[in-house]
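In what follows, a single structure is set out as structure tokens and then discussed.
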Amino acid sequence: MNPTRRKLMAGGSALLALAPFQRALAAPEFRYKYANNLPPAHPMNLRAKEAAANILRDTKGRFQLDIFPSSQLGSDTDTLSQLRAGAVEFFTLSGLILSTLVPAASISGIGFAFPNYDTVWKALDGDLGAYIRSEIQGKGLVVMDKIWDNGFRQVTTSTKPINGPDDFHDLKIRVPVSPLWTSMFKALGAAPASINFNEVYSSLQTKVVDAQENPLAIIDTAKLYEVQKYCSMTNHMWDGFWFLGNRRAWEKLPKDIQAVVAKHINAAGIAERADVAALDKQLQSKLAGKGMIFNTPAPAPIRDALRKAGFYTEWQKKYGDKAWALLEKSVGKLS
């Protein structure tokens, strides 16, 4: 073999050896945006980052998921519009907010329906979740199988702890702008006021309202412990995030990439659930250390008060008998 031929063969071998590295360095075939409204340090974003790395690895660099936390791409309403238009490929949204497009999505937030996480996951990984996902798909969106956790909501007050239904009477409590919240607290005899979240601290400080309700993570990050004394672990509403996708963008992906993306996003959702539950335990101790006084009222008397006030019957009519039956299959009789 002449020297020139040997050099050409050696060069060819080197190029073949470099090929996998060149493919790894090449621009991804698919680069999709994922938006959410939570800060980068929240378990949702930490687990999404982990999923993105796993997807990039398992698709051999063909699919890259870029994460945009903290509502960087717009408000929830804006981002939902972008998702539907295809400007954003993925978005996580609370079922309570998604209900503006998919009414059934807020059924998971019915007051005092879920006694614990085991019941939540039984329902939303089961028949109720399958029903909600079918309703979401009916609006032209893709939705992953596993819902992510935003936690149970608790009531804080500056005046007294909530020990039972009577403590809600005439309580001036801030609620989000939502018929589900307003009707629940009115049914308990409270005086709910719909106030934007950016005004919650000042409204509590100036006594426009005496109480509010949110998951512990929000109570901590918004420093509501500075203007609230009591935190009653009412667990009155559970909230979670559906991982939504633009259907056209999803259908552009080859089946093997779809499988990898779905596998890692659903696995990340399961892991995030455990993270949020652990975080809640830490936060209770942290907030108690900042002076908040905690108590845990029995849910049954409050649920009975809602039943007597017709709250469950009203919402059963709004959601329809099919959805309601699936909810009660998991949580027991409500209305």
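The values are calculated or read from the model by the stated rules, or taken from the named source; none is laboratory data. Just so we're clear, the structure is a prediction, and the values are computed from it rather than from any experiment. Because the Cβ atoms are built from the backbone with ideal geometry, glycine has one as well, and the counts that use them run over all protein chains shown. Side chains are part of the model used for accessible areas, which takes the heavy atoms of the whole protein and leaves out ligands, DNA and RNA. Shrake-Rupley method; radii C 1.70, N 1.55, O 1.52, S 1.80 Å.
Take ASP166 and decide whether it is out of contact with any Lys or Arg (no Cβ under 9 Å at 6 or more places or on another chain), without any contact (Cβ under 8 Å) to a residue 24 or more places away in the chain, closer than 22 Å to ARG307 by Cα and part of a loop (DSSP other than H, G, I, E, B).
Spelling it out, it is not the case that ASP166 is out of contact with any Lys or Arg (no Cβ under 9 Å at 6 or more places or on another chain), without any contact (Cβ under 8 Å) to a residue 24 or more places away in the chain, closer than 22 Å to ARG307 by Cα and part of a loop (DSSP other than H, G, I, E, B).
Can you tell me which residue within segment 312-335, out of those that are over 15 Å from GLY129 (Cα atoms) and polar (S, T, N, Q), is surrounded by the fewest Cβ atoms within 10 Å (Cβ to Cβ)?
By that ranking, first place goes to THR313.
For the condition out of contact with any Phe, Trp or Tyr (no Cβ under 6 Å at 6 or more places or on another chain) and assigned to a loop (DSSP other than H, G, I, E, B), what is the one hit in LYS263, LYS286, LYS207, LYS318?
After applying the criteria, what remains is LYS207.
Can you tell me which residues in segment 172-215 are within 17 Å of SER158 (Cα to Cα) and among the charged types (D, E, K, R)?
Selection gives LYS172, ARG174, GLU199, LYS207, ASP210, GLU213.
Going through segment 126-136 one residue at a time, which ones are of a type outside the set (Gly, Ala, Ser) and open to solvent by 10 Å² or more (accessible area, probe 1.4 Å)?
Within segment 126-136, ASP127, TYR131, ARG133, GLU135 qualify.
Where residues in segment 85-125 are small (Gly, Ala, Ser) and open to solvent by 20 Å² or more (accessible area, probe 1.4 Å), which of them is farthest from GLU272 (Cα to Cα)?
Checked segment 85-125; the qualifying residue farthest from GLU272 (Cα to Cα) is ALA85.
Take segment 75-84 and flag every residue that is at pLDDT 90 or above and surrounded by 16 or more Cβ atoms within 10 Å (Cβ to Cβ).
Those that are at pLDDT 90 or above and surrounded by 16 or more Cβ atoms within 10 Å (Cβ to Cβ): THR79, LEU80, GLN82, LEU83, ARG84.
Could you check segment 286-311 and list, in sequence order, the residues that are open to solvent by 60 Å² or more (accessible area, probe 1.4 Å) and farther than 20 Å from ALA113 by Cα?
Correct list: LYS286, GLY289, LYS290, ILE293.
Could you grab me the full set of residues in segment 34-58 that are more than 17 Å from LYS263 (Cα to Cα) and crowded, with 21+ Cβ neighbours inside 10 Å?
Of everything in segment 34-58, those that are more than 17 Å from LYS263 (Cα to Cα) and crowded, with 21+ Cβ neighbours inside 10 Å turn out to be ALA35, ASN36, ASN37, HIS42, PRO43.
Answer with yes or no whether GLU199 is farther than 30 Å from GLY86 by Cβ, open to solvent by 40 Å² or more (accessible area, probe 1.4 Å) and part of a helix (DSSP H, G or I).
yes
Check PHE185 against each of (1) in a loop (DSSP other than H, G, I, E, B); (2) within 24 Å of ILE110 (Cβ to Cβ) and name the one condition it does not meet.
Among (1) in a loop (DSSP other than H, G, I, E, B); (2) within 24 Å of ILE110 (Cβ to Cβ), PHE185 violates only (1).
Go through segment 128-163 and give me each residue that's assigned to a helix (DSSP H, G or I) and within 30 Å of THR296 (Cα to Cα).
LEU128, GLY129
Of all residues in segment 265-282 being modelled with pLDDT under 95 and within 22 Å of HIS236 (Cβ to Cβ), which is most open to solvent (accessible area, probe 1.4 Å)?
LYS281
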